[in-house]
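Notes follow once the structure below has been shown.
No value in this document is a laboratory result; all are computed from the given coordinates. Every value quoted in this text rests on a predicted model; they were computed, and no experiment measured them. Reconstructed Cβ throughout: ideal geometry from the backbone, glycine too, with neighbour counts over all protein chains shown.
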Amino acid sequence: MPEGMTLRSGNNQATESLCPHCLTRIPAERRLEGADVVLVKSCPEHGEFRTPVWRGQPEISGWSRPKKTVRVGTHLASQARGCPFDCGICPGHRQQSCTVLIEVTGRCNLACPYCFAAAGSPAGQDPPLAAIEQWYRIALERSGPHNIVQLSGGEATLRDDLPAVIALGRELGFPFIQLNSNGLRLAADPAYAVELKRAGLFSVFLQFDGSDDSIYRAIRGRALLAEKLTAIENCAAAGLGVVLVPTIVAGVNTEDIGAILRLALELAPGVRGVHFQPASYFGRHPGAPAAGDRFTLPDLMRAIEEQTSGLMRTEHFCPPGCEHPLCSFHGNFLRLPDGGLRSLTAAAAECATENAGTGRAVAYVARQWSAPAPASSCCPANSLDAFLENHHSNTFAVSAMAFQDVWNLDLERVQECCIHVVAPDGRMIPFCLYNLTSADGQPLHRGNAC
């Protein structure tokens, strides 16, 4: 059980972090203050920094799950400076990959105020297919074929040869390839979704921040809701599973969480679930956030319960079996014929814990995110037997990932990360570190060669 999850009053936990200004590694600790956990760190040159990382119920002391530590060794010729500077992955890392990101373009057709990558304009050059093949092979060599591969950017659909990129990954042995997308091209061109499916794509992680265009204007710069809904329709028609991915920004869409979930359930089974991402402050938005700008995982769990009137409750969610407990939560549900939900979280958690360190837990997630097979014509649509036989069509997942920025960076969490980006120079870097920027926007890894 991770040491940090035994945190109780008077028992602060030591870790390490970086100074937001000079990116120097400095001591830090998690302090329990009432029901909240605050990361406190101090730089000799730039002073003290305090950031809430856990706020309120459920209590941090009970938020844990036994898991197997996987020592992944090293892919580095040398380790000169240590974590988090010698990424590649270094000997201090304690988890294997479960998701590998490959960025196939730096171009984008939006200029969102909140962007991990600070992606550029629609113009510019993309990495050649030969380079992408090399990145695929690096991921195979260093983490195996059982991972989920996410093709990302920028906006990956700006590549006209994206079907070839997908087909290449499948040919090399990756069983589950997912697309990160804002959905604009998928909305504009239904045939494109069909082409991606034929190439071997399974699922779309669709940027989806709310049920009202005022939210998109604030977070993405313009009204987008109609295009998002059309993209979902086109993906579902093509047989692509869709996971809605809202970036949650305090005071912008924190009151729309229940509406997002209700809409997602209405759009099921084409929509397989919702994966919330509380806003992090890096990329295009690196400035220092106020404490009230932080929306922590327990804030989110309580908002889900309140805004769904208890349809989904805090106790339906559990800590991860792979990454650090402060990083995520998940819950799995069965949609019932009467419109209700039955929690399946306990069974899913047992599956993930039992199979930690293998491809089976990844396969469980991949299957949930994939589109269900077409309904059989041999059974009546209102038959209970047909409902139970088509169990996969009626499952629904809700999860969240609290990505770290330079203000709340905790190196213990980083060392248990299982989401890695294949950098252009071939290093495999934990997602948060790859995107990390200083207070003035200086990147730690992105764009920096080893």
Quiz item: If you count, for each residue, the other Cβ atoms within 10 Å and average over each peptide, how do 424-435, 402-413 line up from highest to lowest?
Solution: 402-413, 424-435
Quiz item: How much mean residue ellipticity at 222 nm does the chain get from its helices, if each DSSP H run of length 4 or more adds -39500 (n - 2.57) and you divide by all residues, to the nearest 500 deg cm²/dmol?
Solution: -7500 deg cm²/dmol
Quiz prompt | Calculated P(r) tail over 41 Å for the chain, as whole % of Cα pairs | solution = 11 percent
Quiz item: How do the peptides 13-24, 144-155, 29-40 rank, highest first, by the average count of neighbouring beta carbon atoms within 10 Å per residue?
Solution: 144-155, 13-24, 29-40
Quiz item: For the stretch 213-311, which semi-axes, largest first and in whole Å, follow from the square roots of 5 times the eigenvalues of its Cα gyration tensor?
Solution: 24, 18, 11
